[in-house]
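Comments concern the structure below.
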Amino acid sequence: MNKSAIDAVLFDLDGVLIDSGPAHLESWRRLAMELGIAITDDQFKSTFGRQNRDVIPMLFGPGNDPERMHEWSERKEAYYRELIADRVPIFVGATGLVRACHRAGMKCAIGSSGHPKNIALAVAALRIETEISVVVSGQDVSAGKPDPQVFLLGAERLGVSAARCAVIEDAPAGIAAALNAGMTAIAVASEHPREHLNRAHLIVDRLSDLTPARIGGAAQQRWS
């Protein structure tokens, strides 16, 4: 396989294209304070890449009914959007990489555990509406990362086989999801140390280190 055989790139959003970690932490803490619960940084980091339906039991304990969990989730995401509404924290090189992949003939998609409104806000701020052909959110799938559903559905909607897709991720759960989908997994060490991402086919320190050629090269090495 060579770089021309990578037909699509699926981008995670949080921690890859936007530096949303601080706003997510603050919004979870705001909700937790209302519920009389404290959240540590380590607890928060353990939730990266996961859907709220999985995060809430991790942070607030099991046994909450689905209706209550949905209300908490919607409240938390509303807090998050309030925090970033005036300035979405875009990573250096994010818009440029998506556009470069598109120019190179690679179809581009977002595969995120996030809320559809969060994704729409970020895509607009990144100014990549033209380049992104498909968006898959946490509400489109029944199981979150490391289950591969989000990426497999993205590939299906793009009309591209999993073997010809590359995934850009920042979290161990996301890397596992990409591998479980049979895709080339590329990790950006923006939130996690490299040793936690070492299952990826390629690890870079920052998004601006990536180019379409490096993405294709990771796939080529995988299959060589």
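The values are calculated or read from the model by the stated rules, or taken from the named source; none is laboratory data. No experiment lies behind these values; they were computed from the predicted model shown. Quick reminder, even Gly has a Cβ in these numbers, built from the backbone with ideal geometry, and neighbours come from all protein chains shown.
Worth pointing out:
- Where a residue in region 7-35 is within 21 Å of residue 175 (Cα to Cα) and its partner, wherever it lies, is of a type in the set (Phe, Trp, Tyr), with Cβ under 7 Å and at least six apart: 10/151; 15/48; 17/11; 17/91; 18/91; 19/91; 24/80
Residue by residue, here is whether (1) closer than 22 Å to residue 18 by Cα; (2) surrounded by fewer than 21 Cβ atoms within 10 Å (Cβ to Cβ); (3) touching a Cys at 6+ places or on another chain (Cβ under 6 Å); (4) not aromatic (Phe, Trp, Tyr) holds:
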| residue | (1), (2), (3), (4) |
| --- | --- |
| 147 | no, yes, no, yes |
| 154 | yes, no, no, yes |
| 157 | no, yes, no, yes |
| 169 | yes, no, no, yes |
| 178 | yes, no, no, yes |
| 190 | yes, yes, no, yes |
| 205 | yes, yes, no, yes |
| 212 | yes, yes, yes, yes |
| 222 | no, yes, no, yes |
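- Only helices (runs of 4 or more DSSP H) whose full extent lies in region 1-93 are considered here, and the ones with at least 1 residues that are touching a His at 6+ places or on another chain (Cβ under 7 Å) and farther than 28 Å from residue 203 by Cβ are 66-84.
- Scanning region 57-88 for residues that are among the hydrophobic types (A, V, I, L, M, F, W, C) and at pLDDT 90 or above gives 69, 72, 78, 83, 84, 85, 88.
- The sole residue among 123, 167, 98 that is over 19 Å from residue 5 (Cβ atoms), outside the structural domain of residue 28 (by TED's automatic domain parsing), outside any loop (DSSP other than H, G, I, E, B) and in contact with a helix residue (DSSP H, G or I) (Cβ under 9 Å, 6 or more places away or on another chain) is 98.
Conditions tested, residue by residue: (1) touching a Pro at 6+ places or on another chain (Cβ under 6 Å); (2) within 18 Å of residue 160 (Cα to Cα).
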{"site": "176", "(1), (2)": "yes, no"}
{"site": "184", "(1), (2)": "no, yes"}
{"site": "188", "(1), (2)": "no, no"}
{"site": "195", "(1), (2)": "no, no"}
{"site": "202", "(1), (2)": "no, no"}
{"site": "213", "(1), (2)": "no, no"}
{"site": "224", "(1), (2)": "no, no"}
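- Of all residues in region 170-202 being in a helix (DSSP H, G or I) and without any contact (Cβ under 8 Å) to a residue 12 or more places away in the chain, the one that is nearest to residue 91 (Cα to Cα): 194
- Within region 58-80, restricting attention to residues that are crowded, with 16+ Cβ neighbours inside 10 Å and of a type outside the set (A, V, I, L, M), the residue that is nearest to residue 19 (Cα to Cα) is 80.
- If you go through region 167-193 and keep only what is more than 9 Å from residue 12 (Cβ to Cβ) and in contact with a His (Cβ under 8 Å, 6 or more places away or on another chain), you end up with 172, 184, 185, 186.
Listed here are the residues, each with its yes/no results for (1) of a type outside the set (Gly, Ala, Ser); (2) in contact with a Phe, Trp or Tyr (Cβ under 7 Å, 6 or more places away or on another chain).
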{"residue": "56", "(1), (2)": "yes, yes"}
{"residue": "64", "(1), (2)": "yes, no"}
{"residue": "76", "(1), (2)": "yes, yes"}
{"residue": "86", "(1), (2)": "yes, no"}
{"residue": "89", "(1), (2)": "yes, no"}
{"residue": "94", "(1), (2)": "no, no"}
{"residue": "115", "(1), (2)": "yes, no"}
{"residue": "118", "(1), (2)": "yes, yes"}
{"residue": "122", "(1), (2)": "no, no"}
